[in-house]
Amino acid sequence: MCGPQAPVRPAGTLPATPGAAQGSTQLAGYRQVIGTLWPIQDAVAADIAKDVYTHLRRDGDMATARAAAALHRAVRRARAAHPREPHLWASHIHLGP
């Protein structure tokens, strides 16, 4: 899992393209990448990550083929917990098959 970075930039410069870190990670050889398009609260990010990994390890093995479904499930749980705060859960993305 990787999220957007908040680098120090000179005044007047544009931020990096959303998803650039995730795309670069995929180009480095990772088949599937989960990330965020913008920074979110640490507690919510930790809850989503925990849900994702719990779903991936459901049968004792790390079933990465279920990464997209695991993220979908985790985001739906976060959405149910914070229905009026999409900025907390809507930024999560999955790249890969």
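We did not get these values from a lab; they are worked out from the coordinates using the rules stated. Here the structure is a predicted model, which means the values were calculated and not measured. Counting neighbours? That spans all protein chains shown, and the Cβs are built from the backbone with ideal geometry, glycine included.
Per-structure values
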{"item": "Qualifying trypsin sites (Lys or Arg not before Pro) for segment 32-81 [loop in DSSP, other Cβ within 10 Å: at most 13]", "result": "ARG57, ARG58"}
{"item": "Point-to-point label distance, ALA81-ASP61, nm (Cα→Cβ direction, 7 Å offset)", "result": "2.9"}
